[in-house]
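Quick notes on the structure that follows.
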Amino acid sequence: MSLVRDLNFFTKPLLAIESSCDETSAAVLVGREIRSNVIASQIELHAKWGGVVPEAASRAHVEAIIPVVREALDSAGVALSEIGGIAITNRPGLVGALSVGVTSAKALAMSLGIPFLGVHHLEGHLCSIFAEHEDFPTEHVALVVSGGHTELVHVQAPGQYRLIGATIDDAAGEAFDKGARLLGLGYPGGLAVQQAAKAGNPKRYKLPVGLRGDTTDFSFSGLKTAMLRLTEVEGDRINIADAAASLQEAIVSVLVKRTFLAIDETGVRALSLVGGVAANVALRERLSDEARKRGIAFAVPAFSLCTDNAAMIGLAGSWRLERGERSDVSLDALPNADIWDANPV
């Protein structure tokens with residue numbers, strides 16, 4: 001059985017850049033060691049709109065990219081001249097935001113005469129567990145819950161991915177955001193719902209979990225509609241804490257149930273949870289508890305590596321660079337790309 005520690009990683013200092021949505025991030029890694037991981041968040045910028053505005057995000061990336069890269073280098077104690085390679089998110093995401101990072105990475109790589117590599121954003125999330133879990137099997141089932149993504153992936157080996165299940169409409173993160181807006185909890189929705197749910201009764205309001213039967217797919221559009229109707233019917237009488245707890249329970253319960261259906265279908269004895277929603281404590285604890293009962297290895301990244309960040313992009317790019325993969329000046333920013341087509345383009 002191959003373990004994370006068996007992978008070979010890039011031995012020279014590696015600069016990684018992430019700008020796929022609303023975080024401008026740069027990190028410096030040496031092998032699996034994260035020397036720095038700087039994130040400039042745009043949450044306050046987009047909070048007034050209740051969601052990410054692509055044009056505003058792109059402009060903010062342009063303003064932040066150089067200071068963020070400088071801070072990452074300074075924090076790592078590494079000079080730009082010492083960098084041996086660059087990993088950059090080039091897909092998928094907001095095309096304008098991605099273009100800022102891709103253009104910057106190309107310019108730096110060409111000026112320094114070093115290799116660079118385009119990395120799939122979701123592969124970054126999948127590889128975020130590499131930072132700490134060196135004894136974790138490289139073959140495992142991964143629950144990817146990030147932004148517009150809710151997917152169950154059979155990681156057969158690094159770079160070899162098979163989709164087991166996915167949302168047929170909206171993602172779990174979108175349900176959290178919609179619910180938070182309807183309850184007046186603010187943005188970003190996931191954290192706001194989690195905090196409000198602490199004081200709530202998760203059984204107070206009955207909400208749908210979407211799709212009947214033993215399926216590994218998901219559907220959250222009905223849940224969003226149910227939350228809208230709940231707030232309309234209850235009006236000012238609604239108990240915010242109970243509604244938040246009921247929403248969180250509806251999302252977490254179905255994620256856990258279908259994740260272990262995927263485990264049973266594949267026969268794989270290892271599970272990872274990655275992506276922004278992986279920061280949800282209830283989800284982490286429920287998956288961890290069930291995995292422990294079943295004797296299944298479980299890995300989840302540190303909270304700092306759940307949200308979009310450059311360190312995870314560096315972890316994904318490091319082993320690919322080490323085995324000789326390279327991008328060239330034709331590398332483009334792509335708004336859409338499947339994880340099972342994760343090779344650089």
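Consider segment 209-226. How many of its residues are at pLDDT below 95 and either of a type in the set (Ser, Thr, Tyr) or at positive phi (or both)? Steps first, please.
Within segment 209-226, the first condition is being at pLDDT below 95, and the residues that meet it are 209-214.
Going one step further and asking which of them are either of a type in the set (Ser, Thr, Tyr) or at positive phi (or both), we end up with 210-211, 213.
Of the residues in that region, 3 qualify.
How many residues are of a type in the set (D, E, K, R) and assigned to a loop (DSSP other than H, G, I, E, B) if we restrict to segment 37-78? Don't jump to the end; show me each part of the working.
The first filter runs over segment 37-78 and keeps only residues of a type in the set (D, E, K, R), leaving 44, 48, 55, 59, 63, 70-71, 74.
Narrowing the set further to residues that are assigned to a loop (DSSP other than H, G, I, E, B) leaves 48.
The number of residues fulfilling the criteria is 1.
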Check your understanding: So which residues in segment 3-22 are assigned to a loop (DSSP other than H, G, I, E, B), hydrophobic (A, V, I, L, M, F, W, C) and either within 15 Å of the chain's Cα centre (by Cα) or closer than 17 Å to ASN309 by Cα (or both)?
Key -> CYS21
Exercise for review: Within segment 86-102, count every residue that is surrounded by 23 or more Cβ atoms within 10 Å (Cβ to Cβ) and either over 21 Å from the mean Cα position of the chain (by Cα) or not in a loop (DSSP other than H, G, I, E, B) (or both).
Suggested key: 11
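Select from segment 103-138 the residues that are surrounded by fewer than 24 Cβ atoms within 10 Å (Cβ to Cβ), in a helix (DSSP H, G or I) and touching a residue at least 60 places away in the same chain (Cβ under 8 Å) and list them in ascending order.
Selection gives SER104, LYS106, LEU108, MET110, ALA131.
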Review point. Counting just the residues of segment 257-277 that are buried (at least 19 other Cβ atoms within 10 Å of the Cβ) and of a type in the set (Val, Ile, Thr), which one comes out farthest from the chain's Cα centre (by Cα)?
Key: VAL268
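Within segment 236-251, which residues are in a helix (DSSP H, G or I), at pLDDT 95 or above and surrounded by fewer than 23 Cβ atoms within 10 Å (Cβ to Cβ)? Step through it out loud before you land on a result.
Of segment 236-251, the ones in a helix (DSSP H, G or I) are 236-237, 240-251.
Checking which are at pLDDT 95 or above leaves us with 237, 240-251.
Within segment 236-251, ARG237, ILE240, ALA241, ASP242, GLU249 meet the criteria.
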Check your understanding: Does segment 61-70 contain at least one residue that is within 19 Å of the chain's Cα centre (by Cα) and farther than 26 Å from TRP319 by Cα?
Key -> yes
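Quick check on VAL268: is it under 20 Å from LEU98 (Cα atoms) and part of a loop (DSSP other than H, G, I, E, B)?
Working: under 20 Å from LEU98 (Cα atoms): no; part of a loop (DSSP other than H, G, I, E, B): yes.
No.
Among ARG181, ARG70, ARG91, which is the only one that is basic (Lys, Arg) and under 30 Å from ARG5 (Cβ atoms)? Break it down into steps so the answer makes sense when it comes.
Numbers: ARG181 fails: under 30 Å from ARG5 (Cβ atoms); ARG70 fails: under 30 Å from ARG5 (Cβ atoms).
Being basic (Lys, Arg) and under 30 Å from ARG5 (Cβ atoms) holds for just one of ARG181, ARG70, ARG91, which is ARG91.
The values are calculated or read from the model by the stated rules, or taken from the named source; none is laboratory data. If you're wondering where the values come from, they're calculated on a predicted model, not measured in any experiment. Positions of Cβ are generated from backbone atoms using ideal geometry, with glycine treated the same way; all protein chains shown enter the neighbour counts.
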